[in-house]
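Following: one structure in structure tokens, then a few remarks.
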Amino acid sequence: MEKQNQPDLEKQDQPTRALTKRLQQKLDYVTTVRQAITAGDDRLIYELIDGDHYHQALLNEEPDPTRNAQVDLITDVYPAISHYLSTKLIDYLAHEYPFFYYEETQLGEFQIYFGNWWDRRRFGKLNVLKVAFEFSSEEYNKLEKTFELAPAHKRFNTDRIQQISAGSDQLQKLIDAQSDRDAQKDELRKQLKENGQRNSLFDSGRIKEERQQIIDQLTKLADEDEQSNNAHATMKDNEAKILTLSKEDTILAYEKQAIENAFKSFENFNERNRSLYVDYLTTLIGKAQVAADGE
């Protein structure tokens, strides 16, 4: 009787050993993350959740995607990790960016507010895992423009306010000119009546042209009357618009002053934002070293 082919145990052991090794690596990774959280080692956690970025930014090493081979194991708990890491990060930011305030709108997600004054602006989000600000482009651009206009002693809404004010001034002139328009209309109606009484075969073309010119002038005056009748409501709306724009300029002025107090210039503010990850992680490394030296 022929023996049945037996599986090659030596060949089978090789993939089995590889599988066991990979599973152990996964277990070790998750265990290390858990231990880092238990020990309060935020620096190590940042290295574990994005090792490639960490090694490039902190150690000036070349990119290596394999450093992040295990991170998919914990992406489902990223919100909780973000919540955990936020405590020390926000304490650090409170000192470095004293004008920013944060609200956790849901687990691990933080909105940024600029200032603690009335009608402050929501300025974007804080990405805790990446140690990065994600500013609202609209709000950031307003602030950037405010700095650009400052040397000319202009505010963000200066031109818009002037434009609205000029419109209100024009409406006021229409109101003030009502009696003049009434007199013009009376005179034009007389001319229109006289024009209608003319009857000449030779001048019929000229008479029609004059009549049309008179009608056009009366139409223009009627349009101005309508604008004048609506002027008070429009001017009231304009006042409300100017008030809103002025308030926005005031808030932007507060923000500009806050940045200058902390960073001296908008350029320094932007430069610090770009280096925030390295600066914060370097601080964590320094604190860990001090703690180790004290033991």
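Taken together, the residues in region 280-295 that are surrounded by fewer than 14 Cβ atoms within 10 Å (Cβ to Cβ) and not aliphatic (A, V, I, L, M) amount to 6.
Restricting 271, 260, 267 to residues that are surrounded by 14 or more Cβ atoms within 10 Å (Cβ to Cβ), under 19 Å from residue 140 (Cβ atoms) and among the acidic types (Asp, Glu) narrows the list to 260. In region 146-169, of all residues being exposed (fewer than 13 other Cβ atoms within 10 Å of the Cβ) and of a type in the set (S, T, N, Q), the one that is farthest from residue 249 (Cα to Cα) corresponds to 163.
Within region 277-291, identify whether any single residue is modelled with pLDDT of 95 or more, aromatic (Phe, Trp, Tyr), assigned to a helix (DSSP H, G or I) and within 30 Å of residue 43 (Cα to Cα), and answer yes or no. Yes, region 277-291 contains at least one residue that is modelled with pLDDT of 95 or more, aromatic (Phe, Trp, Tyr), assigned to a helix (DSSP H, G or I) and within 30 Å of residue 43 (Cα to Cα).
On the given criteria, is residue 112 modelled with pLDDT of 95 or more, aliphatic (A, V, I, L, M) and on the phi < 0 side of the Ramachandran plot?
yes
Selection of first residues in region 260-284 that are free of Cβ contacts under 8 Å to residues at least 40 places away in the same chain and more than 27 Å from residue 59 (Cβ to Cβ) and of second residues that are in a helix (DSSP H, G or I) and of a type in the set (Lys, Arg), restricted to Cβ pairs under 8 Å at least 6 apart or on distinct chains, gives the following pairs, ordered by first then second residue: 263/272.
Within region 201-230, the residues that satisfy the criterion of being over 30 Å from residue 170 (Cβ atoms) and modelled with pLDDT under 70 are 201, 202, 203, 204, 205, 207.
Within the bounds of region 34-54, is there any residue that is more than 21 Å from residue 287 (Cα to Cα), free of Cβ contacts under 8 Å to residues at least 40 places away in the same chain and touching a helix residue (DSSP H, G or I) at 6+ places or on another chain (Cβ under 9 Å)? Looking for residues that are more than 21 Å from residue 287 (Cα to Cα), free of Cβ contacts under 8 Å to residues at least 40 places away in the same chain and touching a helix residue (DSSP H, G or I) at 6+ places or on another chain (Cβ under 9 Å), one finds at least one in region 34-54, hence yes.
Given the structure, is residue 93 among the hydrophobic types (A, V, I, L, M, F, W, C) and within 30 Å of residue 258 (Cβ to Cβ)? So residue 93 fits the description; yes.
Within the option set 221, 252, being in contact (Cβ under 8 Å) with a residue 60 or more places away in the chain, in a helix (DSSP H, G or I) and surrounded by 13 or more Cβ atoms within 10 Å (Cβ to Cβ) holds for one residue only, 252.
Filtered by the rule that a residue be buried (at least 17 other Cβ atoms within 10 Å of the Cβ) and within 24 Å of residue 159 (Cα to Cα), region 224-234 gives a lone residue, 231.
The values are calculated or read from the model by the stated rules, or taken from the named source; none is laboratory data. Predicted model only: the values in this text are computed from it and were never measured. Neighbour counts are summed over all protein chains in view; Cβ atoms, including those assigned to glycine, are modelled from backbone coordinates with ideal geometry.
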